[in-house]
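In what follows, a single structure is set out as C-alpha cells and then discussed.
The values are calculated or read from the model by the stated rules, or taken from the named source; none is laboratory data. These figures come from a predicted structure and were not determined experimentally. Cβ placement follows ideal geometry from the backbone for every residue including glycine, while neighbour counts extend to all protein chains displayed. Ligands, DNA and RNA are excluded from the accessible area calculation, which covers all protein heavy atoms including side chains. Shrake-Rupley method; radii C 1.70, N 1.55, O 1.52, S 1.80 Å.
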Amino acid sequence: MARPAAALRGGSRARRCRAAGRRGGAGGAGALGLVSVQLAERAYPVLIGSGALQELPRRLREKAASSAAVVSDSNVAGEWGEAVVAGLTGVGIRSQLHVVRPGEQAKSLSELSGVLDFMELFGLDRWGVVVALGGGTVGDLAGFAAAVWQRGVRYVQVPTTLLAMVDASVGGKTGVNSKRSKNSIGAVWQPLAVFSDLTTLRTLPEAEYLAAFGEIVKYAVSLDRDLAETLRLQAPALRERDLTALESVVTRGIELKAQVVAADEREAGPREVLNYGHTVGHALEIASDFAIPHGRAVAVGLRAAARLGVECCGCPQSVVEVQDELLAAFGLPGDLPPVRESEVLAALPRDKKAREGRLRWVLPRELGKVQVGVSVPATAVERVVHEVLS
Ligand SMILES: NC(=O)c1ccc[n+]([C@@H]2O[C@H](COP(=O)([O-])OP(=O)(O)OC[C@H]3O[C@@H](n4cnc5c(N)ncnc54)[C@H](O)[C@@H]3O)[C@@H](O)[C@H]2O)c1
C-alpha cells in the first residue's frame, strides 16, 4: 500500500487519500512499479520504470484497441515516435503518428483542430485509442482531443518529460490555452493507463529535466516533508538522472497526485493543494508569452507563495529557506528572460482559480502542509512579486 502523505495523515481527507494510491509489482510488467489511481470505474494503472513503453502494445491489445492515433511533438516524435508506432503495428494495431509543434504552442485551438482533422482522416472510431506521446503539453492537447472526439474516446498517456511523469500525465486534466489564459478550454478526462518509461528521459534536454523539480518541490513542501528530505539527500544523484533515485521520486510524486485526485477528481476542494505555486507561476508564463517553461515558472511561484505564507498563514521563515535551498539544488528558478512586473500582476486575476475576481491562494503553513483558499492583500502580493522577480 502507498505510504500516506505526511500532510494527509489524520482527518477525513487522510482516510480517503490513504486508500487512493497502491504500489506493487505490475502484472506482467516485470520490475516495473505500479501506482493505481483509484477512481471507481475510471481507475487506471500508472506503470513506472525502464521498459514501461514496451508494455504499451500488449496492454492496448488486451483492451481490444481497434487502432491507435499517436500524437507527439516534433522533438519527441523524432526520438521515440517510430518505435512506438512500430510496436503497436507489430501487434496488429493500425497506427499512425501526428506531429504537433513543441512546447506551449501545442496547446492552442489551431493545433487541436489539426489533431481532430488527423483523427477524422485516420478513421479513429470509438474503439480506437489516442496515444499521447510527449511532455505535459502533448498530454494536455491529445487528452483533450480524445475527450471531445466522438464525444470521448479512450486515450493513454506516455509521458516523456519528468514533469509530465510526476504530474501532468496523472489526474485527467486536459485542455488548451485561450488567447489570454492558461488551460481555460478543457475537460477532465481520465486516461486508460499511463506508461512512464524512465528511459525516455535520456533524450530530454537538461533545462527541461531540471524544470520538473519545480513541480516535485511543490509536492514536497505542500504534502510530504519526507520527500523534501529525500530531495535534499538525493539531489546529486537526481541531477545525474540516476535511475534508482529517479524511480523512487517519480513514484512518490505519482502516489501523492493519485491520492489527491482520488479524493477530489474535479477539484471541488482538496485538489486545490496542487495549485501551490501556480498562481504566480501561471501569471509569469502568460506575461513571458510562455518563454519561461512551466516548471521554472512554478519555481518562482513557489518562492512567492512561501513568502506570502509567512505573512498570511503564520508559516515559519524556515520553510522559505528550506524551499529556496531545494529549488537551488536543481538550478531553480535560474536566470529568467526579462518580464514586466506589471504584466505578471495584470495576469493574476485571469488565473482560472479566481472566484468572482478574488484569487484563492494556496499557501504553506508548515513544511508538508498548505492552506487553500487564502485571501491576500494586494499590497502583499505586489511586494512579494517584486521580491521574487528582482
Ligand atoms: N494536466 C495536468 O494536470 C498538468 C499538470 C502540470 C503541468 N501541466 C502542463 O504541462 C505543460 C508542461 O509540460 P512539460 O514541462 O512536459 O513541457 P513540454 O511538453 O513543452 O516539453 C518540454 C520540451 O521537451 C521536449 N521533450 C519532451 N520529451 C522529450 C524527450 N524525451 N526527449 C527530447 N525532448 C523532449 C518537448 O518537445 C518540449 O520542447 C504545461 O502546459 C502545463 O500547463 C499539466
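Scan region 119-143 for residues that are assigned to a helix (DSSP H, G or I) and more than 14 Å from the ligand (Cβ to nearest atom) and the total you get is 4.
Tell me, please, whether a residue that is closer than 14 Å to PRO159 by Cβ, in contact with a helix residue (DSSP H, G or I) (Cβ under 9 Å, 6 or more places away or on another chain), open to solvent by less than 20 Å² (accessible area, probe 1.4 Å) and at pLDDT 95 or above can be found in region 84-103. Yes.
Considering region 169-191, and only residues there that are near the ligand (Cβ under 7 Å from one of its atoms) and outside any loop (DSSP other than H, G, I, E, B), the residue that is surrounded by the most Cβ atoms within 10 Å (Cβ to Cβ) turns out to be THR174. Please indicate, with yes or no, whether at least one residue in region 53-63 is farther than 18 Å from THR174 by Cα, within 14 Å of the ligand (Cβ to nearest atom) and open to solvent by 60 Å² or more (accessible area, probe 1.4 Å). No, region 53-63 contains no residue that is farther than 18 Å from THR174 by Cα, within 14 Å of the ligand (Cβ to nearest atom) and open to solvent by 60 Å² or more (accessible area, probe 1.4 Å).
Conditions tested, residue by residue: (1) in contact (Cβ under 8 Å) with a residue 12 or more places away in the chain; (2) within 12 Å of the ligand (Cβ to nearest atom); (3) touching an Asp or Glu at 6+ places or on another chain (Cβ under 7 Å); (4) not small (Gly, Ala, Ser).
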| site | (1), (2), (3), (4) |
| --- | --- |
| ARG94 | yes, no, no, yes |
| VAL99 | yes, yes, yes, yes |
| ALA106 | yes, yes, yes, no |
| LEU112 | yes, no, no, yes |
| ASP117 | no, no, no, yes |
| ALA145 | yes, no, no, no |
| TYR155 | yes, no, no, yes |
| PRO159 | yes, yes, no, yes |
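Is it the case, given these coordinates, that ALA258 is surrounded by 19 or more Cβ atoms within 10 Å (Cβ to Cβ) and farther than 27 Å from TYR44 by Cβ? Answer is no for this residue.
When ARG358 is tested against (1) of a type in the set (Lys, Arg); (2) buried (at least 16 other Cβ atoms within 10 Å of the Cβ); (3) under 17 Å from SER181 (Cα atoms), only condition (2) is not met.
Taken over region 199-227, the residue count meeting the criterion of being away from the ligand (no atom under 11 Å from the Cβ), more than 16 Å from ARG296 (Cβ to Cβ) and surrounded by 23 or more Cβ atoms within 10 Å (Cβ to Cβ) is 7. Can you tell me which residues in region 144-168 are in contact with a helix residue (DSSP H, G or I) (Cβ under 8 Å, 6 or more places away or on another chain), part of a helix (DSSP H, G or I) and either open to solvent by less than 10 Å² (accessible area, probe 1.4 Å) or of a type outside the set (Gly, Ala, Ser) (or both)? Result: PHE144, ALA145, VAL148, TRP149, LEU162, LEU163, ALA164, MET165, VAL166, ASP167.
Whenever a residue of region 372-390 is more than 20 Å from PRO333 (Cβ to Cβ) and touching a residue at least 12 places away in the same chain (Cβ under 8 Å), its partners that are open to solvent by less than 50 Å² (accessible area, probe 1.4 Å) and acidic (Asp, Glu), lying with C-beta atoms within less than 6 angstrom and at least six residues away or across chains, give the pairs VAL372/GLU272. Restricting attention to region 266-285 and to residues that are within 12 Å of the ligand (Cβ to nearest atom) and open to solvent by 10 Å² or more (accessible area, probe 1.4 Å), the residue that is nearest to LEU47 (Cα to Cα) turns out to be LEU274.
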